[in-house]
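A single structure is presented below for examination.
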Amino acid sequence: MLSQEALKQIDSEIAKYPADQKQSAVMAALAIAQMEKGWLSTETIETVAGYLGMPPVAAYEVASFYNMYDLQPVGRYKITVCTNLPCALSGGVHAADYLKRKLGIGFNETTADGKFTLKEGECMGACGDAPVLLVNNVRMCSFMQPEAIDKLLAECT
Amino acid sequence: MGALGFILSPEEGERGWRLADYVRRGGYAALKKIIAEKIPADHIVGELKKSSLRGRGGAGFPTGLKWSFMPRQFPGDKYVVCNSDEGEPGTFKDRDILRWNPHMVIEGMIIAGYAMGCQRGYNYIHGEIWDIYKRFEEALDEARAANLLGPNILGSDFSFELQAHHGYGAYICGEETALLESIEGKKGQPRFKPPFPASFGLYGKPTTINNTETFASVPWIITNGGDKFLELGKPNNGGTKLFSVSGHVNRPGNFEVPMGTPFAELLEMAGGVRAGRKLKAVIPGGSSAPVLPADIMMDCTLDYDSIAKAGSMLGSGAVIVMDETTCMVKALERLSYFYFEESCGQCTPCREGTGWLYRVVHRIENGLGRREDLDLLNSVTDNIMGRTICALGDAASLPVRSFIKHFKAEFEYHIERKQCLVPVDVQRAGSGFFVAEAKATC
């Protein structure tokens, strides 16, 4: 089940597309559902599919294709670090190593207290700002050297 | 930002993105002129052709010609789509355009709708830039409230509705037909062409897709004329262009310069190579473009023709700078991993081939390379290129071929000595945290 608020947001996404093209809202609807639930379980994906009148498998195909959807539980703060070449030339890998040391986890792992998940990201389109981190898919952090990373982690409560 | 361009630096120090700011800078004058003077669509397309504006997303296809393919008289729905799914490693210009000048893109798309007889448009925005997407939605609201968007624009009989579609992390959706599939709510897997989007696009309707920067160039061309735009650049390469400079430079960022500007000037604008080190190689047009060694690159000017002559592509204008501390095998390994990760899996040569490319480059980098590996890599690229539905397979292959072609000795060194030519500590120091002028923003 999704909250009324989430359904309202999904409705306004549906309104962006022609009346017979509700499925176009599936990416946004899954993102809204993920924001509310923390991750996308099969049940949540089925709920979204049902709401949009599309087969559950079609919604699952979308959820499993795009890499910002989480089909497994993640920590309260999912931190994605870009290590692609332009970032790697300018501290991207160093930032990832620093985060791994600091949090005591590797990529695709979650801290024991369920607070942080670390992910390796592909290009976020912000290569001039390296090192770049993305928090919970929505908050982009630029020029993240150790001091700034420490500050960010301290803010996450 | 260079003061030469009109997209990122319309006025000195003027960075307001709101409608009022844009109007103060002369924004929406082109649209108002078109509506007031009832300028015929043919005239608009004609000006674009004169301007020599070429697609800024990477392919460099002439925009006026593309617009002329649209069956304007075709009854029913037709679409204008903007490709802001900027995920080509090294490219970060569309983010800044949408951040500082979203209305310029909106105006360009409205004019496109007018010129091609379309009533609806979508801007597909890269998943990782949520705040930019939200800002674009706000800008759309402003335009609607001012009757610049929606039914009967500025009291005319022309109506155009525009929406933002937020991506969610798939490089392949930068390919135009994958992007259309994605808007339709499906996996982003490219379609076979033909039919081309101009005849069978979004929801099967005629559709034209252009890059963010391409749309942003349109209002200026209408206001100032195609000839003026062409004069900004050089023949066959009209206008100014944004170049995203990343990697080993002192001042990474976007620089808007006239087409045909010498690369050496751009490098200087970006503060030159870090710590006085020597330039080793440059990828001039995004990660899919062939790499060029320093000496070749230093002789290039920044336009489609000069870079093509040097054996690479201007692409999206993403200039990745690598200095002498770079291990070329490691650099290629990271790029090959990216294409392996992002192949959509639809075509066997790409799905399997990108895995082969990554694994073989990985083993060379890790001291397990074999003598025959360089031939093997070239043979795998032969079996990918031209055998897939979209260009991702070629995009994965071109770096491999060019890195081996220009830096063969370094690859052979890895295979024979089982270690990097550039000592690992030198590499790490060269690509470490860099104290840039810009401060952390989070």
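The values are calculated or read from the model by the stated rules, or taken from the named source; none is laboratory data. Here the structure is a predicted model, which means the values were calculated and not measured. Every residue, glycine among them, receives a Cβ derived from its backbone with ideal geometry; neighbour counts consider all protein chains shown.
Which pairs have Cβ atoms under 6 Å, sit 6 or more apart or on different chains, and link a residue in the stretch B:363-389 that is of a type in the set (Asp, Glu) to one that is in a helix (DSSP H, G or I) and buried (at least 16 other Cβ atoms within 10 Å of the Cβ)?
B:Glu365/B:Val329; B:Glu365/B:Lys330; B:Glu365/B:Glu333; B:Asp373/B:Val360; B:Asp373/B:Ile364
Let me ask another. Among what's in the stretch B:239-250 and is over 21 Å from B:Asn101 (Cβ atoms) and more than 7 Å from every other protein chain (Cβ to nearest Cβ), pick the residue that is surrounded by the most Cβ atoms within 10 Å (Cβ to Cβ).
B:Val249
I'd like to know if the stretch B:298-317 contains one or more residues that are in contact with a Pro (Cβ under 9 Å, 6 or more places away or on another chain) and facing chain A (nearest Cβ under 9 Å).
no
Please tell me if A:Asp11 is under 22 Å from B:Asn123 (Cβ atoms) and either touching a Cys at 6+ places or on another chain (Cβ under 7 Å) or not assigned by TED's automatic domain parsing to the domain that holds A:Ser142 (or both).
Criteria met by A:Asp11.
Could we say that A:Ala63 is touching a residue at least 60 places away in the same chain (Cβ under 8 Å), over 30 Å from B:Val321 (Cα atoms) and buried (at least 19 other Cβ atoms within 10 Å of the Cβ) here?
No: the conditions fail for A:Ala63.
Now for a separate question. Please verify whether B:Arg144 is assigned to a helix (DSSP H, G or I), charged (D, E, K, R) and closer than 26 Å to B:Ala318 by Cα, treating the condition exactly as stated.
Judged against the criteria, B:Arg144 is not a match.
Could I ask something else about it? Quick test for you: out of B:Leu148, B:Leu140, B:Leu162, B:Leu180, pick the one residue that is surrounded by 19 or more Cβ atoms within 10 Å (Cβ to Cβ), more than 14 Å from chain A (Cβ to nearest Cβ) and of a type in the set (A, V, I, L, M).
B:Leu148
Identify, by number, the condition in (1) outside any loop (DSSP other than H, G, I, E, B); (2) among the hydrophobic types (A, V, I, L, M, F, W, C); (3) facing chain B (nearest Cβ under 8 Å) that A:Cys123 doesn't meet.
Among (1) outside any loop (DSSP other than H, G, I, E, B); (2) among the hydrophobic types (A, V, I, L, M, F, W, C); (3) facing chain B (nearest Cβ under 8 Å), the lone unmet condition for A:Cys123 is (1).
Then there is this: Quick one: is A:Gln34 among the polar types (S, T, N, Q), at the interface with another protein chain (Cβ under 8 Å from one of its Cβ atoms) and surrounded by 15 or more Cβ atoms within 10 Å (Cβ to Cβ)?
Criteria not met by A:Gln34.
Then there is this: Looking only at the stretch A:69-90, how many residues end up being over 19 Å from B:Cys442 (Cα atoms) and either of a type outside the set (Ser, Thr, Tyr) or crowded, with 24+ Cβ neighbours inside 10 Å (or both)?
Here the count works out to 11.
Going residue by residue through the stretch A:140-156, is there one that turns out to be in a loop (DSSP other than H, G, I, E, B) and more than 7 Å from chain B (Cβ to nearest Cβ)?
Yes, the conditions are met somewhere in the stretch A:140-156.
I've got another one for you. Looking for something more than 25 Å from B:Ser68 (Cβ to Cβ) and part of a loop (DSSP other than H, G, I, E, B) - is there at least one such residue anywhere in the stretch B:156-166?
Within the stretch B:156-166, not a single residue is more than 25 Å from B:Ser68 (Cβ to Cβ) and part of a loop (DSSP other than H, G, I, E, B).
Would you pick out the residues in the stretch B:251-270 that are more than 12 Å from chain A (Cβ to nearest Cβ) and over 16 Å from the mean Cα position of the chain (by Cα)?
If the condition is that a residue be more than 12 Å from chain A (Cβ to nearest Cβ) and over 16 Å from the mean Cα position of the chain (by Cα), then B:Pro258, B:Gly260, B:Thr261, B:Pro262, B:Phe263, B:Ala264, B:Glu265, B:Leu266, B:Leu267, B:Glu268, B:Met269 are the ones that fit.
Could you check the stretch A:54-116 for helices (runs of 4 or more DSSP H) lying wholly inside it with 1 or more residues that are out of contact with any Phe, Trp or Tyr (no Cβ under 8 Å at 6 or more places or on another chain), over 22 Å from B:His126 (Cα atoms) and outside the structural domain of A:Phe143 (by TED's automatic domain parsing)?
Result: A:56-65.
Only residues that are touching a Cys at 6+ places or on another chain (Cβ under 6 Å) and surrounded by fewer than 23 Cβ atoms within 10 Å (Cβ to Cβ): list them for the stretch B:389-412, please.
Listed by number, the list holds a single entry, B:Ile389.
Is there a residue being at pLDDT 90 or above and either assigned to a helix (DSSP H, G or I) or surrounded by 15 or more Cβ atoms within 10 Å (Cβ to Cβ) (or both) anywhere in the stretch B:11-19?
yes
Is it the case that some residue within the stretch A:99-107 is in contact (Cβ under 8 Å) with a residue 40 or more places away in the chain, in contact with a Leu (Cβ under 8 Å, 6 or more places away or on another chain) and within 9 Å of chain B (Cβ to nearest Cβ)?
No, every residue in the stretch A:99-107 fails to be in contact (Cβ under 8 Å) with a residue 40 or more places away in the chain, in contact with a Leu (Cβ under 8 Å, 6 or more places away or on another chain) and within 9 Å of chain B (Cβ to nearest Cβ).
Next question. Would you check if there is a residue in the stretch B:341-350 being within 10 Å of chain A (Cβ to nearest Cβ), under 24 Å from B:Gly247 (Cα atoms) and touching an Asp or Glu at 6+ places or on another chain (Cβ under 9 Å)?
Yes, some residue in the stretch B:341-350 is within 10 Å of chain A (Cβ to nearest Cβ), under 24 Å from B:Gly247 (Cα atoms) and touching an Asp or Glu at 6+ places or on another chain (Cβ under 9 Å).
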